[in-house]
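Enquirer: Attaching a single structure in structure tokens format; questions to follow.
The values are calculated or read from the model by the stated rules, or taken from the named source; none is laboratory data. Only a predicted model underlies this, so the values are computations on that prediction, with no experimental measurement involved. Note that we place each Cβ from the backbone using ideal geometry, even for glycine, and neighbour counts take in every protein chain shown. These accessible areas exclude ligands, DNA and RNA; they are computed on the full protein's heavy atoms, side chains included. Shrake-Rupley method; radii C 1.70, N 1.55, O 1.52, S 1.80 Å.
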Amino acid sequence: MAASAQAAPLSAEQAKAVLAEVIKAFGAPENAQRMEEARDNACNDMGKMLQFLLPVATQIQQDVIKAYGFSSDGEGVLKFARLIKSYESQDPEIASMSGKLKAMFLPPMTLPPHGAGTGGVAAS
């Protein structure tokens, strides 16, 4: 096996631990402030979200996952996201944590569920 920038495959338990660490990193005061500033700059505009919020969110994730063998660039974050996605269907806790992480930097989507008829709107 060649020692390259390839991330070592993580088990579901390891992936869960790294995911928990990433979520915790988003909650750190300096990162929460960076995310808040990016959100303010984006003004709920999807294009601006991508421009301001996504780079900050990517950087926060990179800072955590590089310690686990992922490259410290956008590609490393994508590989981590794909790994987490692969465990979501097997592990409800990972699926829940993944949803929580996405909610931290993606605006809530207001699309109707797939296959929804012209039924009523759910009360909140």
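Enquirer: From the residues in the range 42-61 that are over 13 Å from Phe105 (Cβ atoms) and either touching a residue at least 12 places away in the same chain (Cβ under 8 Å) or assigned to a loop (DSSP other than H, G, I, E, B) (or both), which one is least open to solvent (accessible area, probe 1.4 Å)?
Expert: So, considering only residues that are over 13 Å from Phe105 (Cβ atoms) and either touching a residue at least 12 places away in the same chain (Cβ under 8 Å) or assigned to a loop (DSSP other than H, G, I, E, B) (or both), the one least open to solvent (accessible area, probe 1.4 Å) is Asp45.
Enquirer: Which count do you get for residues in the range 72-81 that are in contact (Cβ under 8 Å) with a residue 60 or more places away in the chain and either open to solvent by 30 Å² or more (accessible area, probe 1.4 Å) or within 15 Å of Ile23 (Cβ to Cβ) (or both)?
Expert: To start, the set of residues in the range 72-81 that are in contact (Cβ under 8 Å) with a residue 60 or more places away in the chain comprises 76, 79-80.
After this cut, where a residue has to be either open to solvent by 30 Å² or more (accessible area, probe 1.4 Å) or within 15 Å of Ile23 (Cβ to Cβ) (or both) as well, the list is 79-80.
Count: 2.
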